[in-house]
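Below is one structure, written out as structure tokens; the observations come after it.
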Amino acid sequence: MNQEDYRQLCAEIWEHNWHYYVENAPVISDREFDRLLAILIAIERDHPEWIFPGSPTQRVGETVTGGFPVVRHKTPMLSLANTYSRDEVEEFIARMQKLLHKKEVLFETELKMDGIAVTVRYEEGILVRGVTRGNGREGDNITSNIRTIASLPLELRGNYPRVLEARGEVFMPKKVFAELNRQKQKAGEPPFANPRNAAGGSLKLLDPRQVAKRKLAIVFYGIAEESSGKIKSHYEAVQSLKKFGLPVVEEQARCHSMNEILKFAEKVEKRRKSLPYEIDGIVIKVDDLSSQKKLGITGKNYRWAVAYKFSAEQAETKIKAITVQVGRTGVLTPVAELEPVYLAGSTISRATLHNEDEVKRKDIRVHDVVVIEKGGDVIPKVVEVNKAKRSSKSTPWKMVDHCPDCGHRVARTAGEVAVRCPNKLGCPAQELRRIIFFVSKAGMDIDFLGPKIVEQLVEHGFVKQLSDIYRLKADQLFELPNFKEKSVQNLLASIEKSKDVDLSRFILALGVKYVGVETAELLAGRAGEVDALYKLSTEELLEVEGVGPKVAESVVEFFADPENRQEINRLLKYGVRPRVKQVKSHKGHPFNGKTFVLTGSLEHYTRDQARSLIKERGGKVSSSVSKATNFVLVGSDPGSKYDKAKKLGVKILLEKEFIALL
Ligand code: IVH
């Protein structure tokens, strides 16, 4: 990529902008547009000297890079304590009675929406601002996004107060969520784990037109500020919000006793699945607003309310088959192929069974009826087998003895739960997974090259090993389904771009057994360049803090393997240039080779940021002060490390001195 290409990409993006806004007839999908923009931003990060006022990023400016303006909440947005059992609810009721000196307290119960908390302000009846909860004290000003929500009035109705700030929850209805994930999956993008994440992700989109497409909804359940002073209870608050034209949380009930609360909870739990949106429990609130005020807060929670949470949603279905999936390091994972069942916003047809031991422990068999559950994750799990529904003919499941993809005999290592296919080079499944991982975000980060396309490249025989990626030609790509001039160019450009890669990401991408992000960074730091990796001995590796014997052995074995060496050499030959960034340019830096200790809080940086700044300049950060320490960087409220540094005569650096040295 040279400056001319960069300018051309700018021109291309402007062209699409024009098609979109002026002609109203986009020629590429929004996703493709975003990707082009992402490439541009990445280039500008590497070459800030190329940026010019005519770049599309300069007009979009803040929208693309800066996110949203932060707004301070007039009244903090607090949270609710959670309860999970009858006993805990009973304790809450007793606590309220005691604190309010009353034998009977009136409670309001309502649905606990599983979405994103927001506060929406109306002045003179006009919507002026919508803000997310953020950290409770300040949140993101997302007014233009929230305005796209169809059920949110931009103007209040009836006899509204001059100022009204209402609190509520933005959510994505189950149906909308299912459709969105269907589209995402079709486009080869990762789906959202649940409707709440989808709602949160949508509210954070920087383009309100995109937010509008997400069909979000909102309901309100409280008032933070209201200028009339007429509203005396929570019940009245919700009724008033409704009168002002705002959608409010459904299913309010007035409860005087534990029994009434439990009845309400039971009724709601029964209806949970048939509701068009996700809830994760009920909320129990003291109704009287002056009592609420008296009760106040405890830490980050209101004292006058609790959430009574339901357990994760479960469903029953039948296991049609148990298949075995081969991962990139050869690990075999059993997977339950299920009769499709609808659960918490999506249709589930597979669940991971983790490993052989897990299947044995739960005694999961083919044709069993099982209970599945979806936690916070996209991947559902099998909780238990409904043994009453098991056929008398069923037999325990057994792990395969041969790899389902290459037929090689599987290997079991003592002390490890994982069963592996040891046929590293000849197993097509492993090779495919390795290539998918190699090009992924964590690895070489090649845009436009998702798992589906890798599969197609392998099927066509264009890619057999990692290095083949860098030999791809335009005429090969044209043979893939849906590949046109533009997509071919995009893919080739991002393959080209990926050649400049950080050594640690390159090491990670190679898929060495037991080497994750952190170990890859340690190895890159120790080796400094690819050639040095070949020479590292087990002893030398063990000297690296954070590298244990298992990792050391695996690393030495990997880089000693002639096949791996040949493959790495091919990658280098085709132009991949792994390097440790910035090390050279800091040779003469005063931090180079120096050991730092941090204490106190800095004004301009988080600890992590300060640590990276030091490391990037060749320095080290240690956790305790000794004679070997060169600098102690001191922020406000320093701890005992400061005293120790003074005692030992270690050089103290104030933040402004640190910045000057940077
Ligand atoms: S009352 C101003 N009521 O649950 C009122 N919260 O876990 C503050 N939530 O941050 C809380 N449904 O995002 C309240 N009916 C409801 C709710 C509800 C959902 C959320 C809200 C809150 C979180 C606490």
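The values are calculated or read from the model by the stated rules, or taken from the named source; none is laboratory data. All figures in this text were calculated on a predicted structure; none of them were measured in a lab. All Cβ positions, glycine included, derive from the backbone under ideal geometry; neighbour counts span all protein chains shown. Note: areas computed on protein heavy atoms with side chains; ligands, DNA, RNA excluded. Shrake-Rupley method; radii C 1.70, N 1.55, O 1.52, S 1.80 Å.
A search for C-beta distances below 8 Å between a residue of the range 97-126 that is more than 29 Å from LYS267 (Cβ to Cβ) and acidic (Asp, Glu) and any residue that is away from the ligand (no atom under 16 Å from the Cβ) and in a loop (DSSP other than H, G, I, E, B), counting only pairs 6+ apart in sequence or on different chains, returns GLU123/ARG162; GLU124/ARG162. Note on the range 545-563: among residues that are in a helix (DSSP H, G or I) and open to solvent by 50 Å² or more (accessible area, probe 1.4 Å), the one that is nearest to VAL621 (Cα to Cα) is PRO549. Annotation: of all residues in the range 350-367 being touching a residue at least 40 places away in the same chain (Cβ under 8 Å) and in a loop (DSSP other than H, G, I, E, B), the one that is nearest to ASP401 (Cα to Cα) is ASN355. Within the range 303-328, the set of residues being touching a residue at least 60 places away in the same chain (Cβ under 8 Å), hydroxyl-bearing (Ser, Thr, Tyr) and buried (at least 19 other Cβ atoms within 10 Å of the Cβ) comprises TYR308 only. The residue pairs whose first member lies in the range 231-257 and is on the phi > 0 side of the Ramachandran plot, whose second member is surrounded by fewer than 19 Cβ atoms within 10 Å (Cβ to Cβ) and of a type in the set (Val, Ile, Thr), and whose beta carbons are closer than 6 Å, counting only pairs six or more residues apart or on different chains, do not exist in this structure.
Of all residues in the range 178-187, none satisfies being touching a strand residue (DSSP E or B) at 6+ places or on another chain (Cβ under 9 Å), in contact (Cβ under 8 Å) with a residue 60 or more places away in the chain and open to solvent by 30 Å² or more (accessible area, probe 1.4 Å).
Restricted to the range 390-480, the set of helices (runs of 4 or more DSSP H) holding at least 3 residues that are under 30 Å from VAL371 (Cα atoms), in contact (Cβ under 8 Å) with a residue 12 or more places away in the chain and touching a His at 6+ places or on another chain (Cβ under 6 Å) is empty.
Out of curiosity, is VAL248 buried (at least 20 other Cβ atoms within 10 Å of the Cβ) and more than 14 Å from the ligand (Cβ to nearest atom)?
Here the answer is no, as VAL248 does not meet what is asked.
Scan the range 223-243 and give yes if some residue there is in contact with a Gly (Cβ under 9 Å, 6 or more places away or on another chain), more than 16 Å from the ligand (Cβ to nearest atom), more than 21 Å from ASN145 (Cβ to Cβ) and not acidic (Asp, Glu), otherwise no. Yes, the conditions are met somewhere in the range 223-243. Assess whether GLU169 counts as being within 16 Å of the ligand (Cβ to nearest atom), open to solvent by 10 Å² or more (accessible area, probe 1.4 Å), at pLDDT 90 or above and not in a loop (DSSP other than H, G, I, E, B). Judged against the criteria, GLU169 is a match. Applying the set (1) open to solvent by 50 Å² or more (accessible area, probe 1.4 Å); (2) under 32 Å from the mean Cα position of the chain (by Cα) to LEU542 leaves exactly one unmet item: (2). Annotation note: Cβ proximity below 8 Å between a residue of the range 484-495 that is within 10 Å of LEU472 (Cβ to Cβ) and a residue that is part of a helix (DSSP H, G or I) and among the aliphatic types (A, V, I, L, M) (sequence gap 6+ or interchain) occurs for VAL488/ALA474; VAL488/LEU477; LEU491/ILE453; LEU491/LEU477; LEU492/ALA474; LEU492/LEU477; ILE495/ILE469. Filtering the range 502-541 to residues that are closer than 22 Å to ILE446 by Cα, touching an Asp or Glu at 6+ places or on another chain (Cβ under 8 Å) and of a type in the set (A, V, I, L, M) leaves LEU503, ALA524.
Based on this model, can you work out whether LEU343 counts as more than 13 Å from the ligand (Cβ to nearest atom) and in contact (Cβ under 8 Å) with a residue 24 or more places away in the chain?
Values: more than 13 Å from the ligand (Cβ to nearest atom): yes; in contact (Cβ under 8 Å) with a residue 24 or more places away in the chain: yes.
Yes.
Only one of the listed residues (THR148, THR119) is over 19 Å from the mean Cα position of the chain (by Cα) and more than 16 Å from the ligand (Cβ to nearest atom). That residue is THR148. For the range 133-145, the candidate set comprises residues that are over 22 Å from the mean Cα position of the chain (by Cα) and at pLDDT below 90; within that set, the residue that is surrounded by the most Cβ atoms within 10 Å (Cβ to Cβ) is SER144. Residues in the range 221-240: is at least one hydroxyl-bearing (Ser, Thr, Tyr), at pLDDT 95 or above, surrounded by 16 or more Cβ atoms within 10 Å (Cβ to Cβ) and closer than 22 Å to GLY136 by Cβ? Checked against the condition, which is being hydroxyl-bearing (Ser, Thr, Tyr), at pLDDT 95 or above, surrounded by 16 or more Cβ atoms within 10 Å (Cβ to Cβ) and closer than 22 Å to GLY136 by Cβ, the range 221-240 yields at least one hit.
Taking each residue of the range 537-560 that is farther than 13 Å from LEU523 by Cβ and looking for partners that are open to solvent by 40 Å² or more (accessible area, probe 1.4 Å) and in a loop (DSSP other than H, G, I, E, B) with beta-carbon atoms closer than 8 Å, six or more apart or interchain, yields LYS550/TYR514.
Does the range 481-492 hold any residues that are open to solvent by less than 50 Å² (accessible area, probe 1.4 Å) and in a helix (DSSP H, G or I), and which are they?
Within the range 481-492, SER487, VAL488, ASN490, LEU491 meet the criteria.
The residue that is farthest from GLU278 (Cα to Cα), counting only those in the range 175-200 that are part of a helix (DSSP H, G or I) and within 16 Å of the ligand (Cβ to nearest atom), is GLY200. Anything in the range 505-535 that is open to solvent by 20 Å² or more (accessible area, probe 1.4 Å), in a loop (DSSP other than H, G, I, E, B) and closer than 20 Å to LEU571 by Cβ? List them, or say none. Within the range 505-535, LYS513, GLY528, GLU529 qualify. Condition first: open to solvent by 30 Å² or more (accessible area, probe 1.4 Å), away from the ligand (no atom under 16 Å from the Cβ), part of a loop (DSSP other than H, G, I, E, B) and at pLDDT 95 or above. Can you find one or more residues in the range 74-96 that meet it? No, the range 74-96 contains no residue that is open to solvent by 30 Å² or more (accessible area, probe 1.4 Å), away from the ligand (no atom under 16 Å from the Cβ), part of a loop (DSSP other than H, G, I, E, B) and at pLDDT 95 or above. Scanning the range 378-389 for residues being among the aliphatic types (A, V, I, L, M), in contact (Cβ under 8 Å) with a residue 24 or more places away in the chain and open to solvent by less than 60 Å² (accessible area, probe 1.4 Å) gives a total of 2.
Taking the criterion of being over 17 Å from SER79 (Cβ atoms), within 15 Å of the ligand (Cβ to nearest atom) and touching a helix residue (DSSP H, G or I) at 6+ places or on another chain (Cβ under 7 Å), the residues of the range 263-290 that qualify are TYR277, GLU278, ASP287, LEU289.
Here THR347 does not fit the description of being assigned to a strand (DSSP E or B), of a type in the set (Ser, Thr, Tyr) and modelled with pLDDT of 90 or more. Of the residues making up the range 304-332, just one is within 14 Å of the ligand (Cβ to nearest atom) and either over 31 Å from the mean Cα position of the chain (by Cα) or polar (S, T, N, Q) (or both), namely TRP304.
Does LEU100 satisfy the condition of being more than 16 Å from the ligand (Cβ to nearest atom), touching an Asp or Glu at 6+ places or on another chain (Cβ under 6 Å) and modelled with pLDDT of 95 or more? Here the answer is no, as LEU100 does not meet what is asked.
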